[in-house]
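> My questions will all concern the structure given below.
The values are calculated or read from the model by the stated rules, or taken from the named source; none is laboratory data. Treat the numbers as computed from the prediction; the structure is a model and nothing was measured. Here the Cβ positions follow ideal geometry from the backbone for every residue, glycine too, while neighbour counts run over all protein chains shown.
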């Protein structure tokens with residue numbers, strides 16, 4: 001480990017590895033650190049990811065794909081099932097990954113591009129001089145090192161401290177986090193061609209239960225519930241999950257346990273400052289309605305890697321520069337999407353089971369192959385007029401879509 | 001009696017505040033799934049997920065209990 005780099009990336013998840021790979025490919029001197037001794041482990045993810053978008057960032061390799069899913073089944077509280085086939089739900093149906101292998105592959109790609117990778121190396125603080133982030137204090141095997149960098153990229157996940165050290169408040173309120181538990185189950189012979197989702201206030205308040213096939217009859221069965229709907233004297237995610245398992249898969253064997261917190265806050269006020277950018281879960285870029293974060297993290301990682309190159313080439317790593325080349329582009333793309341999802345989330349978490357059921361009934365017979373946002377809104381209108389009012393901001397997008405299609 | 005009181009203090013890592021109020025945060029490392037959700041919600045940045053354990057900075061923690069509230073397994077106990 002040297003004491004000076006162009007770019008220091010903290011955290012080797014999908015966001016950090018893509019940022020490191022992108023910056024290294026541009027010829028920058030990059031250090032990518034991971035506090036765990038093994039990249040990709042322990043997993044804190046349901047591992048589902050949309051196909052088309054994934055291909056933008058990485059060549060698909062069978063060794064980290066567990067299942068190729070063609071449809072999603074959504075179960076309403078009263079048992080009504082909505083089937084969404086691949087063509088329409090696009091981003092939501094796709095692959096189920098083996099994150100342990102996937103994350104490692106991305107870090108290896110960063111290394112191949114020329115980045116130095118250090119595991120079991122944790123940042124314990126930032127070096128800040130003249131109001132600029134100039135590097136970080138790292139700890140590796142109990143020894144401390146001061147490592148300087150022109151730009152620091154914080155990709156340190158839901159438990160991010162990098163932003164806070166630089167004065168960016170990234171703390172999440174209970175309503176801004178889905179608290180999750182998941183089992184990898186074997187021996188239940190799960191169908192491998194589709195994902196399943198269960199919604200309802202009894203089963204998963206403010207969230208959902210998922211079943212994602214994991215290859216060879218196995219599946220990730222997990223639950224996310226909204227932080228504001230759990231607590232000291234209420235059931236925990238793990239309690240809800242055990243209840244579901246007892247009912248649905250009483251004989252399954254649990255071969256892995258996963259826990260996690262997923263940011264569902266929508267875009268936060270600030271994700272960069274002088275000499276620093278935050279990406280992925282550290283920047284709270286996961287989707288507030290699905291909880292999916294891998295693709296947004298990779299998109300942000302790529303943007304940040306390119307921004308690091310542009311800023312360092314221009315000799316200007318100020319907040320104003322980074323705002324122009326990183327903040328604005330991600331807010332116009334990922335940011336817009338997650339803010340729209342936040343509108344849906346805020347509406348969804350207040351729906352009663354009766355509302356959810358009536359919604360499901362009106363959607364059940366919609367021909368999803370030809371569904372546009374407008375069709376969806378029409379179906380919603382029939383089902384629940386208040387819901388439509390709550391979602392009125394989405395109209396602007398629907399209108400834009402109509403205009404775009406006509407042009 | 002005195003000895004029992006001492007043991008309790010040891011177990012709960014009790015801290016005496018300037019106000020004279022006893023507060024404590026106890027993380028059960030045998031229960032913790034080291035996911036870091038608690039670290040993300042801590043308003044003061046008093047928690048840190050090291051590798052497979054969570055550390056508490058007793059000087060920064062305000063015993064607000066948010067970490068306790070959102071823990072997926074209930075591994076955190078905050079006593080006010």
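> Would you mind finding the one in B:40, B:36, B:74 that is out of contact with any helix residue (DSSP H, G or I) (no Cβ under 9 Å at 6 or more places or on another chain) and within 7 Å of chain A (Cβ to nearest Cβ)? It would help to see each step written out before you state the result.
Numbers: B:40 fails: out of contact with any helix residue (DSSP H, G or I) (no Cβ under 9 Å at 6 or more places or on another chain); B:74 fails: out of contact with any helix residue (DSSP H, G or I) (no Cβ under 9 Å at 6 or more places or on another chain).
Only one candidate passes the filter, namely B:36.
> Same structure again: Give A:120, A:150, A:134 a once-over and let me know the one that is under 24 Å from the mean Cα position of the chain (by Cα) and either under 23 Å from residue B:49 (Cα atoms) or not assigned by TED's automatic domain parsing to the domain that holds residue A:207 (or both). Explain how you work it out, then say what you get.
Details: A:150 fails: under 24 Å from the mean Cα position of the chain (by Cα); A:134 fails: under 24 Å from the mean Cα position of the chain (by Cα).
Within the list A:120, A:150, A:134, the selection yields A:120.
> Restricting attention to region B:57-80, which residues are under 21 Å from residue A:282 (Cβ atoms) and surrounded by 19 or more Cβ atoms within 10 Å (Cβ to Cβ)? Full working, then the answer.
From region B:57-80, those under 21 Å from residue A:282 (Cβ atoms) are B:57, B:60, B:66-67, B:70-72; that's our starting set.
B:66, B:67, B:70, B:71, B:72, listed by residue number.
> Is at least one residue of region A:265-286 within 13 Å of chain B (Cβ to nearest Cβ), under 19 Å from residue B:69 (Cα atoms) and crowded, with 22+ Cβ neighbours inside 10 Å?
No; the residues of region A:265-286 include none that is within 13 Å of chain B (Cβ to nearest Cβ), under 19 Å from residue B:69 (Cα atoms) and crowded, with 22+ Cβ neighbours inside 10 Å.
> Let me ask you something else. Which one of these is in contact with a helix residue (DSSP H, G or I) (Cβ under 7 Å, 6 or more places away or on another chain), crowded, with 23+ Cβ neighbours inside 10 Å and more than 24 Å from residue A:184 (Cβ to Cβ): A:8, A:32?
On the way: A:8 fails: in contact with a helix residue (DSSP H, G or I) (Cβ under 7 Å, 6 or more places away or on another chain).
Every option except A:32 fails the conditions.
Table: residues versus (1) under 30 Å from residue A:23 (Cβ atoms); (2) in contact (Cβ under 8 Å) with a residue 40 or more places away in the chain; (3) assigned by TED's automatic domain parsing to the domain that holds residue A:149; (4) more than 19 Å from the chain's Cα centre (by Cα).
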site	(1), (2), (3), (4)
A:164	yes, no, yes, yes
A:191	no, no, no, yes
A:196	no, yes, no, no
A:226	no, yes, no, no
A:230	no, yes, no, yes
A:238	no, yes, no, yes
A:277	yes, yes, yes, no
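> What number of residues in region A:287-321 are part of a helix (DSSP H, G or I) and within 14 Å of chain B (Cβ to nearest Cβ)? So that I can check it myself, show each step before the final result.
Looking only at region A:287-321, we keep the residues that are part of a helix (DSSP H, G or I), and these are A:294-314, A:319-321.
Filter again for within 14 Å of chain B (Cβ to nearest Cβ), leaving none.
Result for region A:287-321: 0.
> Now, a different point. Surrounded by fewer than 18 Cβ atoms within 10 Å (Cβ to Cβ), outside any helix (DSSP H, G or I) and either without any contact (Cβ under 8 Å) to a residue 40 or more places away in the chain or more than 8 Å from chain B (Cβ to nearest Cβ) (or both), is that true of residue A:200?
Details: surrounded by fewer than 18 Cβ atoms within 10 Å (Cβ to Cβ): no; outside any helix (DSSP H, G or I): yes; either without any contact (Cβ under 8 Å) to a residue 40 or more places away in the chain or more than 8 Å from chain B (Cβ to nearest Cβ) (or both): yes.
When the stated conditions are applied, residue A:200 does not pass them.
> Still on this model: Scan (1) out of contact with any helix residue (DSSP H, G or I) (no Cβ under 6 Å at 6 or more places or on another chain); (2) at pLDDT below 95 for the single condition residue A:49 breaks and write down its number.
Answer for residue A:49: the failing condition is (1).
> Against the conditions (1) at pLDDT below 95; (2) at the interface with chain A (Cβ under 8 Å from one of its Cβ atoms), where does residue B:61 fall short? Just the number, please.
(2)
> Let me ask something else about it. Filter region A:203-215 for residues that are more than 14 Å from chain B (Cβ to nearest Cβ) and either at pLDDT below 95 or on the phi < 0 side of the Ramachandran plot (or both) and give the result.
The first filter runs over region A:203-215 and keeps only residues more than 14 Å from chain B (Cβ to nearest Cβ), leaving A:203, A:208, A:210-215.
The answer is A:203, A:208, A:210, A:211, A:212, A:213, A:214.
> Any idea which residue in region A:218-264 is surrounded by the fewest Cβ atoms within 10 Å (Cβ to Cβ), counting only those that are under 16 Å from residue A:45 (Cβ atoms) and at the interface with another protein chain (Cβ under 8 Å from one of its Cβ atoms)?
The initial filter retains those residues of region A:218-264 that are under 16 Å from residue A:45 (Cβ atoms), namely A:218-224, A:237, A:241, A:256-264.
Narrowing the set further to residues that are at the interface with another protein chain (Cβ under 8 Å from one of its Cβ atoms) leaves A:237, A:257-261, A:263.
Details: A:237: 30, A:257: 14, A:258: 21, A:259: 24, A:260: 28, A:261: 29, A:263: 29.
Looking at the filtered set, the residue picked out is A:257.
> Anything in region A:113-137 that is in contact (Cβ under 8 Å) with a residue 60 or more places away in the chain, away from every other protein chain (no Cβ under 13 Å) and out of contact with any helix residue (DSSP H, G or I) (no Cβ under 6 Å at 6 or more places or on another chain)? List them, or say none.
We begin by selecting, within region A:113-137, every residue in contact (Cβ under 8 Å) with a residue 60 or more places away in the chain; these are A:113-123, A:126, A:131-136.
When the remaining residues are screened for being away from every other protein chain (no Cβ under 13 Å), the result is A:113-118, A:131-136.
Result: A:116, A:118, A:131, A:132, A:133, A:134, A:135, A:136.
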